[in-house]
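Read the structure below first, then the notes.
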Amino acid sequence: MTANDNITSCVHCGAKNRLGRPPAGQVPVCGACKKPLPWLVNAHQGLTPELEAGVPVLVDFWAEWCGPCRVIAPVLEELAREYAGRLKVVKLNVDHHPLAQSAYHVQGIPTLILFKNGQPVERIVGAAPKHMLVQKLQPYL
(Lines give C-alpha, C1' and ligand atoms only; values in the text may rest on other atoms or scores of the structure.)
Protein backbone atom coordinates (compact mmCIF):
# COMPACT_ATOMS: atom_id res chain seq x y z
CA MET A 1 0.00 0.00 0.00
CA THR A 2 1.22 3.48 -0.76
CA ALA A 3 0.89 6.89 0.80
CA ASN A 4 -2.36 7.17 -1.19
CA ASP A 5 -3.80 4.01 0.37
CA ASN A 6 -7.19 5.69 0.56
CA ILE A 7 -7.50 5.52 -3.26
CA THR A 8 -8.74 2.26 -4.75
CA SER A 9 -9.79 1.08 -8.18
CA CYS A 10 -13.17 -0.51 -8.75
CA VAL A 11 -12.82 -4.16 -9.76
CA HIS A 12 -15.95 -3.85 -11.91
CA CYS A 13 -15.44 -0.66 -13.96
CA GLY A 14 -11.85 0.42 -13.15
CA ALA A 15 -12.83 3.86 -11.82
CA LYS A 16 -10.56 5.32 -9.14
CA ASN A 17 -12.33 6.04 -5.85
CA ARG A 18 -11.30 7.68 -2.61
CA LEU A 19 -12.12 5.41 0.31
CA GLY A 20 -13.89 7.31 3.03
CA ARG A 21 -15.69 5.98 6.05
CA PRO A 22 -19.10 4.79 4.83
CA PRO A 23 -22.19 5.23 7.01
CA ALA A 24 -22.58 2.64 9.78
CA GLY A 25 -23.63 -0.76 8.47
CA GLN A 26 -22.69 0.06 4.87
CA VAL A 27 -19.70 -0.75 2.67
CA PRO A 28 -17.85 1.61 0.33
CA VAL A 29 -19.24 1.65 -3.21
CA CYS A 30 -17.88 2.91 -6.51
CA GLY A 31 -18.96 6.43 -7.40
CA ALA A 32 -19.33 5.42 -11.05
CA CYS A 33 -20.99 1.99 -11.11
CA LYS A 34 -22.25 1.83 -7.48
CA LYS A 35 -20.82 -1.69 -6.93
CA PRO A 36 -18.90 -2.58 -3.72
CA LEU A 37 -15.25 -1.54 -3.61
CA PRO A 38 -12.37 -3.57 -2.18
CA TRP A 39 -12.08 -2.36 1.40
CA LEU A 40 -8.40 -2.40 2.37
CA VAL A 41 -7.16 0.28 4.76
CA ASN A 42 -4.31 1.10 7.10
CA ALA A 43 -5.31 1.60 10.74
CA HIS A 44 -3.97 5.12 11.31
CA GLN A 45 -6.21 5.95 14.28
CA GLY A 46 -5.91 2.59 16.03
CA LEU A 47 -8.07 -0.48 15.71
CA THR A 48 -11.37 0.41 17.42
CA PRO A 49 -12.80 2.74 14.73
CA GLU A 50 -11.91 0.23 12.01
CA LEU A 51 -13.92 -2.55 13.67
CA GLU A 52 -17.14 -0.54 13.28
CA ALA A 53 -18.12 -2.10 9.95
CA GLY A 54 -21.20 -3.86 8.69
CA VAL A 55 -19.08 -6.75 7.42
CA PRO A 56 -16.46 -9.03 9.01
CA VAL A 57 -13.10 -7.28 9.49
CA LEU A 58 -9.81 -9.12 8.92
CA VAL A 59 -7.01 -7.35 10.79
CA ASP A 60 -3.42 -7.96 9.70
CA PHE A 61 -0.99 -7.28 12.54
CA TRP A 62 2.26 -6.66 10.65
CA ALA A 63 5.52 -4.68 10.52
CA GLU A 64 7.59 -3.26 7.66
CA TRP A 65 10.67 -5.28 8.61
CA CYS A 66 8.77 -8.62 8.65
CA GLY A 67 9.45 -10.85 5.63
CA PRO A 68 6.42 -13.14 6.06
CA CYS A 69 4.25 -10.02 6.41
CA ARG A 70 5.43 -8.87 2.97
CA VAL A 71 4.67 -12.34 1.57
CA ILE A 72 1.06 -12.34 2.77
CA ALA A 73 0.29 -8.70 1.82
CA PRO A 74 -0.59 -9.44 -1.85
CA VAL A 75 -2.84 -12.31 -0.73
CA LEU A 76 -4.75 -9.94 1.55
CA GLU A 77 -5.13 -7.47 -1.33
CA GLU A 78 -6.58 -10.30 -3.46
CA LEU A 79 -9.03 -11.24 -0.68
CA ALA A 80 -10.15 -7.60 -0.37
CA ARG A 81 -10.86 -7.53 -4.12
CA GLU A 82 -12.52 -10.94 -4.29
CA TYR A 83 -14.73 -10.32 -1.26
CA ALA A 84 -15.56 -6.66 -2.00
CA GLY A 85 -18.71 -5.76 -0.11
CA ARG A 86 -18.39 -8.77 2.20
CA LEU A 87 -15.01 -8.22 3.93
CA LYS A 88 -12.94 -5.32 5.23
CA VAL A 89 -9.18 -5.83 5.49
CA VAL A 90 -7.29 -3.63 7.94
CA LYS A 91 -3.50 -3.46 8.14
CA LEU A 92 -2.26 -2.53 11.61
CA ASN A 93 1.47 -1.83 11.93
CA VAL A 94 2.48 -3.19 15.35
CA ASP A 95 5.44 -0.82 15.54
CA HIS A 96 3.00 2.13 15.43
CA HIS A 97 0.26 0.53 17.58
CA PRO A 98 1.89 -1.57 20.34
CA LEU A 99 -1.14 -1.24 22.64
CA ALA A 100 -3.41 -2.95 20.09
CA GLN A 101 -0.83 -5.69 19.68
CA SER A 102 -0.81 -6.21 23.43
CA ALA A 103 -4.60 -5.96 23.83
CA TYR A 104 -5.15 -8.80 21.34
CA HIS A 105 -2.26 -10.93 22.64
CA VAL A 106 -0.35 -10.84 19.35
CA GLN A 107 3.01 -12.44 20.05
CA GLY A 108 4.18 -13.15 16.51
CA ILE A 109 3.60 -11.52 13.16
CA PRO A 110 1.95 -11.75 10.83
CA THR A 111 -1.12 -12.50 12.90
CA LEU A 112 -4.54 -12.19 11.29
CA ILE A 113 -7.59 -11.81 13.49
CA LEU A 114 -11.08 -11.91 12.01
CA PHE A 115 -13.66 -9.78 13.83
CA LYS A 116 -17.40 -10.10 13.44
CA ASN A 117 -19.61 -7.51 15.14
CA GLY A 118 -16.45 -6.12 16.79
CA GLN A 119 -15.54 -9.45 18.44
CA PRO A 120 -12.62 -11.72 17.48
CA VAL A 121 -13.90 -14.97 15.98
CA GLU A 122 -10.85 -16.45 14.23
CA ARG A 123 -7.05 -16.16 14.53
CA ILE A 124 -4.38 -17.17 12.03
CA VAL A 125 -0.70 -16.89 12.90
CA GLY A 126 1.93 -16.86 10.17
CA ALA A 127 1.86 -16.38 6.42
CA ALA A 128 -0.82 -18.95 5.61
CA PRO A 129 -1.58 -19.83 1.99
CA LYS A 130 -4.62 -18.26 0.35
CA HIS A 131 -6.70 -21.46 0.30
CA MET A 132 -6.29 -21.82 4.08
CA LEU A 133 -7.31 -18.19 4.65
CA VAL A 134 -10.40 -18.64 2.48
CA GLN A 135 -11.30 -21.82 4.38
CA LYS A 136 -11.06 -19.97 7.73
CA LEU A 137 -13.00 -16.91 6.47
CA GLN A 138 -15.78 -18.72 4.60
CA PRO A 139 -18.05 -19.49 7.60
CA TYR A 140 -18.19 -15.79 8.52
CA LEU A 141 -18.80 -14.25 5.09
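The values are calculated or read from the model by the stated rules, or taken from the named source; none is laboratory data. Quantities reported herein were computed from a predicted structural model and do not represent experimental measurements. When we count neighbours, we look across all protein chains shown, and the Cβ atoms used for this are built from the backbone with ideal geometry, even at glycine. Only protein heavy atoms, including side chains, enter the accessible area calculation; ligands, DNA and RNA are left aside. Shrake-Rupley method; radii C 1.70, N 1.55, O 1.52, S 1.80 Å.
LYS130: which aspartates and glutamates have alpha carbons under 17 Å from its alpha carbon, excluding same-chain residues fewer than 8 sequence positions away?
ASP60, GLU77, GLU78, GLU82, GLU122
Please work out the Cα center distance from region 101-141 to region 56-88, rounded to the nearest Å.
About 10 Å separates the Cα centre of region 101-141 from the one of region 56-88.
Taking only Cα atoms and a 10 Å spring cutoff, compute GNM fluctuations for the chain and point out the largest among VAL71, VAL57, VAL41.
Maximum among the listed residues: VAL71.
Residue by residue, what Karplus-based ³J(HN,Hα) values in Hz, rounded to whole numbers, does region 120-129 have, using 6.51, -1.76 and 1.60 with θ = phi - 60° and x for Gly and Pro?
For region 120-129, the Karplus-derived couplings read x, 10, 8, 9, 10, 10, x, 7, 6, x Hz, x marking Gly and Pro.
Could you give the accessible area per residue of the chain, probe 1.4 Å, as a whole number in Å²? Could the numbers behind the result be given before it?
On the way: 7450 Å² over 141 residues.
It amounts to 53 Å² per residue over the chain.
Which of the pairs LYS116/LYS136; LYS34/LYS88; LYS91/LYS136; LYS34/LYS136 have their Cα atoms more than 24 Å apart in this structure? Walk me through the numbers before you get to the answer.
Details: LYS116/LYS136 13 Å; LYS34/LYS88 17 Å; LYS91/LYS136 18 Å; LYS34/LYS136 29 Å.
From LYS116/LYS136; LYS34/LYS88; LYS91/LYS136; LYS34/LYS136, over 24 Å: LYS34/LYS136.
Can you give the translational diffusion coefficient of region 17-101 in µm²/s, computed by Stokes-Einstein from the Kirkwood radius over Cα pairs at 4 °C and 1.567 mPa s? Let's see the in-between values first.
Details: Rh = 13.4 Å.
It comes out at roughly 97 µm²/s.
If you add up the charges near TYR140, with Lys and Arg at +1 and Asp and Glu at -1, over every other residue whose beta carbon is less than 9 angstrom from its beta carbon, what do you get?
It works out to a net charge of +1.
Pick out, from TRP62, ILE72, PRO49, the residue whose Cα sits farthest towards the positive end of the charge dipole of region 39-134, with +1 on the Cβ of Lys and Arg and -1 on the Cβ of Asp and Glu.
Comparing the listed Cα positions along the dipole, ILE72 ranks first.
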